[in-house]
Structure formats: C-alpha cells, structure tokens
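First comes the structure, then the notes that go with it.
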Amino acid sequence: MRIPVPGPRSLAGQLFAMQAVLIAVLVAGYALFTYVSDRAQAEEAAGRQATAVARSVADSPSVREAIGTPDPTALLQPYALRVMRDTEVDFVTIMNPSGIRWTHPDENEIGRHFRGNTARALKGQTFTETYTGTLGPSVRAVTPVEDDDRRIIGLVSAGIKVEAISKRVSDQVTALFGVAAGALALGAVGTYVINARLRRHTHGMNAAELSRMHDYHQAALHAVREGLLMLDGQYRVALVNDGGRDLLGVSEEVVGRSVAELGLPAPLTGALLSSEPRVDEVHLTADRVLVVNTSPVSGGERRGTVVTLRDVTELQSLMGELDSERGFTQALRSQAHEAANRLHTVVSLIELGRAEEAVDFATAELELAQALTDQVVAAVSEPVLAALLLGKTAQANERGVELVVSQDSNLDDGVLPESLPARDLVTILGNLIDNAVDAAQGSVRARVTVTAATEDSGLVLRVTDTGSGVDPAHASQVFERGFSTKPAGPGGRGLGLALVRQAVHRHEGTLAVAQAEGGGAEFVVRLPLRATTAAVAPVPGGER
C-alpha cells in the first residue's frame, strides 16, 4: 500500500505555526525571566527583612541588659521566639562574641557554636549572606550588639530559610504561569482567526504556489495582446499590462493614479468610472477606436474593476470601406437595372422602325453619364477621391439626393503626400457625405455640395447640405461618439463624425461646423499637406 506523502502546508498554516511558536517562546521566555527576577527580588527582600529584624534586636536595651546577666539564655530565648513569631523570620540567634549561642529555635543547639561567618560583624559591620546552617540553607543577616562604650558584647543573626523564599516565589510563579497560559491561549486564538482569514484570501495555497501563480500572472499579462486594466475600489490604477499602456497611450507610472488623472477622453473616463458593467462599448482615443468591457470585482463589497480593451481601429476602417463597397454595389445594381431598362427602350425603338430616335436616346444617356464623370474628374483628379465621389453620387441619387461637386474644387493627382493615406481621406470625406445625405434626404431641394481644393499648402474639404442644419445647442456635441439626432439603427449611430474628428486630429488638422448660407449645415476640414509640428487648431463647436 502506498502511503500518501503530505504536501507542503498552506501559507496561512505556515504563518500560524510560526506565530504560535513565536508566541510560545516569547511567553516562556518572559515567564523564565520573571521567575529569575522574582527569585532575586525575593532573596533581596528576605535579606532586608532579616537585617531589619537583627538590627532591631541588637538595638533593644533589654537584650543588652540580658547579656550582662549570669544566665542570658533564660531571658533571651523567650524574647527571640516572640520576635520570630511576630516578624515571620525562621530564626533569631543571639550569641556571644565568640559565636556561642544563647538562643536558637532548637533548644538543643543552645550553647553550641554558631554556623556562619562573624568576622565582619566583629568589626562592627552588618552584613547578609546565604549560608547552610542547622536549619538548612538560609538568607541571614549578622549584626553586632554594642554597649554604651561601643564595645561589642554580642552578636545577633536573623534569617529566613531558602525553602520559605522558594515557596513565596513558587506562589507568584504559579500565578504568572496562569497569566502566561491565558496570554498564549488568547494569542493562539487571535492568530488562528487572522490566519483563517488569510487562508480564505490565499485559497489555501502555500508560498511556492503563490510565487508560481505570480510568475504565470506576470507572463500572461505581458503575453496578452489585448489591453488589461485593473482598478481598485477608489478607481485608482492597480495594474496595467503592456497592451493597455499602448492602447491608452499612458506610461508605466500610472499605477496608483486615479483614472480621472490619466487625460483620457471624457466618454472613456466616464465608462471606466462607472459602477455598472459595460459590454462591448466603442470609444475613441486620440488615434484609436477601442472596444471597452468593464466588470466590477466584488466579494461582499466593491473591491475594484477589471477593464479589457480591444483595438478595432483597423477593423472599423475596413468596415467603413466595406460599407462603401456595399453602397457602390447597390448603386451598380441599380444602374444595371436602369441600363437594362434603357437598353430595352432602345431595342423597342429599333423594332418599331424608329432607329434615329433610338440613336438619339442612347447618345443622350451616354453623354449624361460621361458628363458626370468628366465633371468629377475635372474637379478632382485624385483617383481615390474621384472614385469615392462617383460612388457617393450614385448612392445619393438612389436616395433622391443630388450630390454636386462644386466648381471651386481643384484637387490634382499627386498632390497628396504619403503622410496622408487615401484610407483616411475616404474616412473623412465619406462620413461627411453620408452625414450630409442623411440630413438632406427628405428636404424640399435635397442637395449636397462637395468641395475639395488646395489652399495655402493645405487640403480643404467642404461638405454642405440642404437639411435642417445644426442646432446651436448641439454644436459642441456633434463630434462626440454616440451623438445623433436620428433614431439608432441596427449598428448604432453617432460614430461617423467621431471617426472624422479622430482622423483630422491625427493629421494635425482642424474641423469646424457652421450654418450654411442657404440653410443646412456646412462642415469644413483643413489638413496640412506638409509634415509639420504645428499645434492642432481648436475646432469651433467640436474639438475641446
């Protein structure tokens, strides 16, 4: 049979054992120290008591008188026994200068020589010592008895047996050990309670397991490409991984700082400070589109928030391009349907023998389509923008809106630098046109005018619509993510203009919205065509 080998104790168990041993050692050490100290103090107190009794007896006039009688023992023995009883000493021995006893608790010892040192007393000194006499080890004091002429006529020794001193100390030590045992029990209970809580917090893991988990934790944080942000109960940054610092554009020194101090956009800061969970919310930073999820950490009380961040900047851009391609496809499908209708008309005219009318009809349609293409290409020869404008023109026509490229447009091919990619121009101009078509649709004269020109070494994009215009009360909010005056669709609204502002800010441009001359709204974007480090100009009613 295989005997199971016990695993290492949990961290809480190890701490409990260490603390229990430490408390036991401290209490035992204190008890031993107190015992030794009390014993020394007891012996010192016994010496003082014996000295006081011996001096009192030596200074007694009756003792000096009794010493001068023919039989000192007859008078001194009863006196010594009475003093022993009253002062609680174990013996009082009165003797002549030669050390022959006149008194003793054991009458058989009277007349015998005193067991102890008397030399210092014969010199007129009072001293104490621990000596083993007829009654056993004792703490005794010896003092001289002097007559009126200062001659030594006798000696007095009073003492307390060491056994009695030990009994006194043992009573104190018993009480001390009782208190020590209570302190040990109380300390053990307190330690157990604290370590039980620690065991719950550490889930019963030992130090090696905690260390290994920490190593895995650190490796996982650095390996995960998504951003991870952990906030404590006061919304301070407790932890942020490499992906989180990159996506939020913050440094490593943010740990311990409040979210409100990180300089993030207000909507994103509000989402991070919210006590409610957020699921797949889209937020914009200076140059990224982020999907944010927050989940409060609770265990009976609010302990913090875990935040995950996903970068969908490229995905959002591709989705915009996909939407444009889908719109182009729908427009081509509609144009193909219209072309089929026109082709049927031409064929029918030929079948009816009206060939000249068929030729005139077909020529007119071709001239109209070519005129539109020539107009757009003549004004904007940059291929990407020209294709965008042609596609948006077809889309607008499908929705009953006339899209016109103004005669002020003069954007030649090759003007745009490499620092201004076509994708960002599609994002800016495409979203502005979509917003303008939404605003103009349903108006009396549904029309959108687009201007793309270069002015003062910069690119100017101007989109004007014939809609209801921008409410001055909303002028400072139209570029915020999530703002829209129209009902939300399946994919949500309010992201297009926010993406425009982000792209413009990324290229150090300016974005403004104002009331158009003929009514409606006019959006103006100015982008530098040379690499500069100029500060971004404020956007009236937009950038804050």
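The values are calculated or read from the model by the stated rules, or taken from the named source; none is laboratory data. Computed from a prediction, not measured in an experiment: that's the story for all the values here. FYI the Cβ positions are ideal-geometry reconstructions off the backbone, even for glycines, and counts take in every protein chain you see. These accessible areas exclude ligands, DNA and RNA; they are computed on the full protein's heavy atoms, side chains included. Shrake-Rupley method; radii C 1.70, N 1.55, O 1.52, S 1.80 Å.
Return the residues of the stretch 72-109 that are in contact with a Pro (Cβ under 7 Å, 6 or more places away or on another chain) and either among the β-branched types (Val, Ile, Thr) or part of a loop (DSSP other than H, G, I, E, B) (or both); say none if nothing qualifies.
TRP102
I'm trying to understand the selection: among the residues of the stretch 110-130, which are buried (at least 18 other Cβ atoms within 10 Å of the Cβ) and in a strand (DSSP E or B)?
THR128, the sole residue that qualifies.
Which ones in the stretch 148-160 are surrounded by fewer than 24 Cβ atoms within 10 Å (Cβ to Cβ) and within 14 Å of GLU129 (Cβ to Cβ)?
Listed by number, the list is empty, since nothing qualifies.
Take GLU107 and tell me if it is open to solvent by 60 Å² or more (accessible area, probe 1.4 Å), in contact (Cβ under 8 Å) with a residue 40 or more places away in the chain and within 22 Å of LYS161 (Cβ to Cβ).
Answer is no for this residue.
Name every residue in the stretch 131-143 that is under 13 Å from SER157 (Cβ atoms) and part of a strand (DSSP E or B), in order of residue number. Spell out how you get there, then give the answer.
Within the stretch 131-143, the subset under 13 Å from SER157 (Cβ atoms) is 131, 133-135, 138-143.
Within the stretch 131-143, TYR131, GLY133, SER138, VAL139, ARG140, ALA141, VAL142, THR143 qualify.
Can you tell me how many residues within the stretch 277-289 are assigned to a loop (DSSP other than H, G, I, E, B), open to solvent by 70 Å² or more (accessible area, probe 1.4 Å) and modelled with pLDDT under 80?
Matching residues across the stretch 277-289 total 1.
Just need a number here: residues in the stretch 252-276 that are assigned to a helix (DSSP H, G or I), surrounded by 14 or more Cβ atoms within 10 Å (Cβ to Cβ) and out of contact with any helix residue (DSSP H, G or I) (no Cβ under 7 Å at 6 or more places or on another chain).
Counting residues in the stretch 252-276 that are assigned to a helix (DSSP H, G or I), surrounded by 14 or more Cβ atoms within 10 Å (Cβ to Cβ) and out of contact with any helix residue (DSSP H, G or I) (no Cβ under 7 Å at 6 or more places or on another chain) gives 5.
Table: residues versus (1) at pLDDT 70 or above; (2) open to solvent by 40 Å² or more (accessible area, probe 1.4 Å); (3) aromatic (Phe, Trp, Tyr); (4) not in a helix (DSSP H, G or I).
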residue	(1), (2), (3), (4)
SER295	yes, yes, no, yes
THR308	yes, yes, no, yes
GLY320	no, no, no, no
ARG326	no, yes, no, no
LEU343	yes, yes, no, no
GLU365	no, yes, no, no
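Go through the stretch 246-290 and give me each residue that's under 22 Å from the mean Cα position of the chain (by Cα) and basic (Lys, Arg).
Matches in the stretch 246-290: ARG257, ARG278.
Given the residues PHE479, PHE483, PHE523, which is the only one that is at pLDDT below 75, open to solvent by less than 60 Å² (accessible area, probe 1.4 Å) and under 16 Å from THR427 (Cβ atoms)?
PHE479
List every residue pair whose Cβ atoms sit under 6 Å apart, with the two residues 6 or more apart in sequence or on different chains, where the first one lies in the stretch 29-42 and is over 13 Å from THR174 (Cα atoms) and the second, anywhere, is at pLDDT below 70 and open to solvent by 40 Å² or more (accessible area, probe 1.4 Å).
Pairs that qualify, where the first residue is over 13 Å from THR174 (Cα atoms) and the partner is at pLDDT below 70 and open to solvent by 40 Å² or more (accessible area, probe 1.4 Å), are ALA42/ARG168.
Return only the number of the condition from (1) at pLDDT below 80; (2) farther than 24 Å from ASP424 by Cα; (3) open to solvent by 50 Å² or more (accessible area, probe 1.4 Å); (4) small (Gly, Ala, Ser) that GLY249 does not satisfy.
For GLY249, the failing item is (2).
Looking for whichever is part of a helix (DSSP H, G or I), more than 15 Å from LEU527 (Cβ to Cβ), open to solvent by less than 50 Å² (accessible area, probe 1.4 Å) and out of contact with any strand residue (DSSP E or B) (no Cβ under 6 Å at 6 or more places or on another chain) here; the options are ASP438, ASP424, ASP434. Which one fits?
Just a single option satisfies the conditions, and that option is ASP438.
If the Cβ limit is 6 Å and pairs must be 6+ apart or interchain, which residue in the stretch 257-272 that is over 13 Å from VAL240 (Cα atoms) and among the small types (Gly, Ala, Ser) pairs with which residue that is outside any helix (DSSP H, G or I) and open to solvent by less than 40 Å² (accessible area, probe 1.4 Å)?
Filtered contacts from the stretch 257-272: ALA271/VAL292.
For the stretch 67-82, name all the residues that are hydroxyl-bearing (Ser, Thr, Tyr) and farther than 14 Å from ILE153 by Cα.
Scanning the stretch 67-82 gives THR73, TYR79.
Need the failing condition index for ARG447 against (1) of a type in the set (D, E, K, R); (2) more than 14 Å from GLY509 (Cα to Cα); (3) at pLDDT below 80, just the number.
(3)
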